[in-house]
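Student: Encoded as structure tokens, here's the structure I'll be asking about.
The values are calculated or read from the model by the stated rules, or taken from the named source; none is laboratory data. Quick caveat, the model's predicted, so the values are computed rather than measured. We place every Cβ from the backbone using ideal geometry, glycine too, and count neighbours over all the protein chains shown.
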Amino acid sequence: MRIDVVTIFPTYFEPLEMSLLGRARGRGLLDIRVHDLREWTHDRHRTVDDTPYGGGAGMVMKPEPWGEALDAVTVDAHDPVILFPSPAGVLFTQAMARELAGEERLVFGCGRYEGIDERVFDYAGSIGRVRLVSLGDYVLNGGEVATMAMIEAIGRLVPGVIGNPESLVEESHEDGLLEYPGFTKPSTWRGREVPSVLLSGNHGAIARWRREQQLERTRERRPDLLDGEDGDDAR
Ligand code: JEB
């Protein structure tokens, strides 16, 4: 999979060199290219923002550099998915990460200031499949942190990136429930015991206990996952 990121802060993405995704990049599974939007400006000050038509607070990102950037990074792409992190986007979910992990080409457009001139989204729709996506219901200063989170969520689902694919299905959200609690040695730590069932060697009892814990925690912390068509297949 190739991922192009367009941003005015390319250094935000330096951590991608490290760890799991960095190794996947080294092995040729992920080709992540980060581009400075200012490469597609033509004035002395490399201007990417301007005042909003109609007035109001803050600045809006100018469409021209975005148009040139999207043209350049998609010149050899066939129907890429073009994602714009936005507080006004649809919520980014594990189901979406799973779908996107099967794509050949992704482009992330990272806005700043009050966001990007709205016409850019329409233009991007003439290049590929546009998705406005939100990381969650809180306000960030730009799309970079959201993009990093989404690249991590998608990248780890690309076949071959994670050594043991079985660890993917067990974890949080893949079955629509929160994870069961984990414990390791020592069996007593600072007066706190590991639940005795986990030391019993009774694998049936352990599986039942873990499923109960998942259901109890989900009911307590994330009842929204249990009621309705939300998420994947919460039971
Ligand atoms: C994403 C962004 C801004 C109003 C307020 C702040 C570009 N979950 C999320 N919260 N905020 C963002 C996001 C995601 N994904 C987000 C892109 C931009 C915030 N801002 C600042 C814009 N409008 C600019």
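Student: Suppose we filter Gly58, Gly102, Gly54 for residues that are surrounded by fewer than 17 Cβ atoms within 10 Å (Cβ to Cβ), at pLDDT 95 or above and under 22 Å from Gly136 (Cβ atoms); which single one remains?
Tutor: Just a single option satisfies the conditions, and that option is Gly58.
Student: Here is a further query. Which residue pairs have Cβ atoms closer than 7 Å, lie 6 or more positions apart in sequence or on different chains, and pair a first residue in the stretch 76-87 that is closer than 11 Å to Glu103 by Cα with a second residue that is away from the ligand (no atom under 15 Å from the Cβ) and among the hydroxyl-bearing types (Ser, Thr, Tyr)?
Tutor: If the second residue must be away from the ligand (no atom under 15 Å from the Cβ) and among the hydroxyl-bearing types (Ser, Thr, Tyr), the pairs left are Pro80/Thr74.
Student: Here's something else I'd like to know. Only one of these conditions is not met by Trp40: (1) buried (at least 18 other Cβ atoms within 10 Å of the Cβ); (2) in contact (Cβ under 8 Å) with a residue 60 or more places away in the chain; (3) more than 15 Å from Phe121 (Cβ to Cβ); (4) not polar (S, T, N, Q). Which number is it?
Tutor: (2)
Student: Of all the residues that make up the stretch 111-153, how many are away from the ligand (no atom under 12 Å from the Cβ) and touching a residue at least 60 places away in the same chain (Cβ under 8 Å)?
Tutor: Total satisfying the criteria: 4.
Student: Among the numbered criteria (1) at pLDDT 95 or above; (2) part of a loop (DSSP other than H, G, I, E, B), which single criterion is violated by Ile151?
Tutor: Exception for Ile151: condition (2).
Student: Within the stretch 39-48, is even one residue more than 30 Å from Gly176 (Cβ to Cβ), among the charged types (D, E, K, R) and within 11 Å of the ligand (Cβ to nearest atom)?
Tutor: No.
Student: Then there is this: Does the stretch 95-106 hold any residues that are touching a residue at least 60 places away in the same chain (Cβ under 8 Å) and touching a helix residue (DSSP H, G or I) at 6+ places or on another chain (Cβ under 7 Å), and which are they?
Tutor: Ala97, Ala101, Leu106
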